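Written below as structure tokens is the structure these notes are about.
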Amino acid sequence: MDILLQQILNGLSIASVITLIAVGVTLIFGLTGIINFAHGEFLMVGSIVTWLAVANGISFWLAILLAMIVVAVMGFALERGLFRFTLERPTNGFIVSLGLIIVLQHIVIFFWNANQKSIPRPLNTIWEMGGVRIASVRVMVIFITAAVVAMTFVAVTRSRYGRALRASVEDRDTAALMGIPVRRYITGVFVLGSALAGLGGGLLIALFPITPFTGGTMVMKGFAVALMGGLGNLTGAVVAGLILGIVEGLSAGYGFSEWTDAYSFGLMILVLLFRPNGLFGGTSGPKMA
Amino acid sequence: MPASHSFRSLLPVLILLVLLALVPLLSPSNRFVSLAISAGINVIALYGLSVLFGQTGILSMGHAALVGIGAYTAAILARDFNIGFWLSIPLAGIMAAIVAALIGIPSLRVSGHHFVIMTFAFGQLLAIILTNGGDYTGAASGLDVQQPVALFGLSIDVLTHYYLTVVFFVALSAIASWAIINSRYGRTLRAIRENEKLAASLGINVGRHKIGAFIVSGVFAGVSGVLLAYFLRHISPSQFSSFPSIYLALMVMIGGARLLLGPLAGGILVAFLPELLNLDPVQSRILYGVCLIAVILLLPNGLIAGIIAGWHKMFDRRAAQPSEPAVEREGK
């Protein structure tokens, strides 16, 4: 029982980071139809920024803020410089993102080599509760993610900007006719998604050492989650993130740890086969005339 | 761009290959020949991808996995059944085709975008399975291939002999690809690429033909895998995971998927560019990524088609045939 709880907690903390990616992926896809595989590299860059900042004596909390800002600026530049030109052909956007994966990974390797990078844990307390050992750093990651995702959720569902965003996802052209500056929203979503990936990167390196190749596996899981939830569906992404986290945690706890990476791909394939729009329904991309 | 129904499109490729076959006469360095061999092995898989992507318009981001199936089939056949190089080639081709069918039948139920992700996920899944396969697949460290390769009693393990064998298989796959492009079947595939709904309304079984194209491309990949296994003599799961798949897609994009010269140009260019510019592997990968992005945004038909279009623009004012993007718009 104790192991069960502990593994669920471990799973949830990783799931938090995956959910942060999934939210960005799902928002960007919903609005532009672009499957941005480089999102995982955004996360990795976030980790690297955090690592560099902490290594230079900046506190962890400032470092993750810095990571968010740097990655958001990067997302802005890439949207304006590259993805903007692929809006009419989202498949090209996808291929561009594959190119970006290689470029970003190897730029990081070029400057900071391919070795594992880690930071000292920002929180060292471990609570013991009835035989369950709970690392406070994991709880912190779960809480930060929950708060940020909840904020994003409220912003998207309640604010007038969120309503305009959802209208643009529903039908880009009609939304534009209603006076919604769709292009600006696309940039905004890229920036928001990138900032979330930057945050995810900062939190990830607090949990585990990372390498320049971490982004690749994380983005696949983020995608698996976004797909399961239904691309473009924010709630779906969060629920699917929880499911994946628990499944991974349990499988690691019961001795199938070498297969953990396979679950996300397997689940994704199954969901796509039997419910191509995800478990909770999503869009199949922006409608384009 | 209607595929020319004549022999003319195949001729430059064959001439180029004959010239390439003469290269060993110049006594090039071993390193050069090795690079050329790995380029050639990629080109074989690229001809398969060009049928899939160039003709049918479906992109596979897990193609290295099918190459891996070919390579592992060859290695396991050699280890457990003492089956050598020549018999491995058809068997690995069949095996890769079967796996392509297993991946393709469910994957092609989902359209466009999702298919690309499915192929990527299957590719990753395969690398995980190979890694967790224990002694049978040699786990993360992979398998050795020890069988000698001989033709009519003549050993072709010598580097230049192996090079000629690869050139022969490249020629074979170019001819096969040409034959497919210029057949009724190729026309059907292009009809699907141009307008899936229209093709379906004309009575074409779109799903079955897409799966067919995927299986055909799988055969090429399987054969290329055997050549790879016997060239490297050691294979491991990481050679067939996500990066090699992206790398193959990059080559086919840079060369251009629709022209017969495209895969050959893409494979050779990507293999030799770092050597020419004297880049280390990290720098050359950055360059590949930048090239991929630049080609997609600036020359969506690939480099060769771009050069041809530029040539026409400069020397032939009226020949401005509107170039069509290689990647169709999806998600309607």
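The values are calculated or read from the model by the stated rules, or taken from the named source; none is laboratory data. A quick note: this is a predicted structure, and the numbers were derived from the prediction, not measured. Here the Cβ is made from the backbone with ideal geometry for all residues, glycine too, and neighbour counts use every protein chain on show. Remember, those area values only see protein heavy atoms, side chains included, never the ligands or the DNA or RNA. Shrake-Rupley method; radii C 1.70, N 1.55, O 1.52, S 1.80 Å.
A few comments on the model shown:
- A:V49 being open to solvent by 10 Å² or more (accessible area, probe 1.4 Å), β-branched (V, I, T) and under 22 Å from A:F143 (Cα atoms): yes
- Take the conditions (1) within 14 Å of chain A (Cβ to nearest Cβ); (2) surrounded by fewer than 24 Cβ atoms within 10 Å (Cβ to Cβ); (3) touching a residue at least 12 places away in the same chain (Cβ under 8 Å); (4) over 26 Å from B:I268 (Cα atoms); B:A101 misses just one of them, which is (1).
- Candidate set: region B:159-174, residues that are of a type in the set (A, V, I, L, M, F, W, C) and more than 18 Å from B:S9 (Cα to Cα); chosen: the one surrounded by the fewest Cβ atoms within 10 Å (Cβ to Cβ): B:F168
- Highlighted here are the helices (runs of 4 or more DSSP H) found entirely within region B:186-258 that include at least 1 residues which are touching a Gly at 6+ places or on another chain (Cβ under 7 Å), surrounded by 21 or more Cβ atoms within 10 Å (Cβ to Cβ) and not aromatic (F, W, Y): B:206-232, B:242-255.
- Among residues of region A:52-90, those that are open to solvent by 10 Å² or more (accessible area, probe 1.4 Å) and either within 14 Å of chain B (Cβ to nearest Cβ) or not in a helix (DSSP H, G or I) (or both), counted: 13
- For region B:37-58, a residue qualifies if it is open to solvent by 10 Å² or more (accessible area, probe 1.4 Å) and of a type in the set (A, V, I, L, M), and exactly one does: B:I58.
- Residue check for A:R121: touching a helix residue (DSSP H, G or I) at 6+ places or on another chain (Cβ under 6 Å) and over 30 Å from B:V252 (Cα atoms): yes
- Among residues of region A:61-79 that are without any contact (Cβ under 8 Å) to a residue 40 or more places away in the chain, those with a beta-carbon under 8 Å from a residue that is β-branched (V, I, T) and surrounded by 14 or more Cβ atoms within 10 Å (Cβ to Cβ) at least six positions away or on a different chain give the pairs A:L66/A:V49; A:L66/A:T50; A:L66/A:I58.
- Residue match in region A:219-226 (condition: open to solvent by 10 Å² or more (accessible area, probe 1.4 Å) and either under 27 Å from B:G123 (Cβ atoms) or among the aromatic types (F, W, Y) (or both)): yes
- Selection status of B:I76, over 20 Å from B:H209 (Cβ atoms), touching a residue at least 60 places away in the same chain (Cβ under 8 Å) and open to solvent by less than 30 Å² (accessible area, probe 1.4 Å): yes
- Restricting attention to region B:79-89, the residues being of a type in the set (A, V, I, L, M, F, W, C) and open to solvent by less than 10 Å² (accessible area, probe 1.4 Å) number 1.
- The lone exception for B:S111 - which of (1) at pLDDT 70 or above; (2) within 16 Å of B:F214 (Cβ to Cβ); (3) out of contact with any helix residue (DSSP H, G or I) (no Cβ under 7 Å at 6 or more places or on another chain) it fails: (1)
- Residue selected from region B:288-322 under the condition within 14 Å of chain A (Cβ to nearest Cβ) and open to solvent by 50 Å² or more (accessible area, probe 1.4 Å), by the criterion modelled with the highest pLDDT: B:V290
- Qualifying residue in region A:24-44 (condition: outside any helix (DSSP H, G or I), of a type outside the set (S, T, N, Q), open to solvent by 40 Å² or more (accessible area, probe 1.4 Å) and within 14 Å of chain B (Cβ to nearest Cβ)): no
- Screening the candidates A:A63, A:A77 for the property of being within 11 Å of A:F190 (Cα to Cα), over 15 Å from the mean Cα position of the chain (by Cα) and among the hydrophobic types (A, V, I, L, M, F, W, C) yields one hit, A:A77.
- Filter result for the condition that a residue is among the hydrophobic types (A, V, I, L, M, F, W, C) and without any contact (Cβ under 8 Å) to a residue 12 or more places away in the chain, over B:L59, B:L66, B:L26, B:L49: B:L26
- Residue within region A:117-137 that is at pLDDT 80 or above, out of contact with any Phe, Trp or Tyr (no Cβ under 7 Å at 6 or more places or on another chain) and either under 30 Å from B:F53 (Cα atoms) or within 14 Å of chain B (Cβ to nearest Cβ) (or both) present: no
- Matching residues, region B:59-73, being under 28 Å from B:L260 (Cα atoms) and in contact with a Gly (Cβ under 9 Å, 6 or more places away or on another chain): B:S60, B:M61, B:G62, B:H63, B:A64, B:A65, B:L66, B:V67, B:G68, B:I69, B:G70, B:A71
- A:V191 in a helix (DSSP H, G or I), farther than 27 Å from A:F85 by Cα and open to solvent by 10 Å² or more (accessible area, probe 1.4 Å): no
- Matching residues in region B:268-278 - criterion: being open to solvent by 40 Å² or more (accessible area, probe 1.4 Å) and at pLDDT 75 or above: B:I268, B:L269, B:L273, B:E275, B:L276, B:L277
- Considering region B:14-33, the residues that are farther than 15 Å from B:A174 by Cα and of a type in the set (V, I, T) include one that is most open to solvent (accessible area, probe 1.4 Å), namely B:V23.
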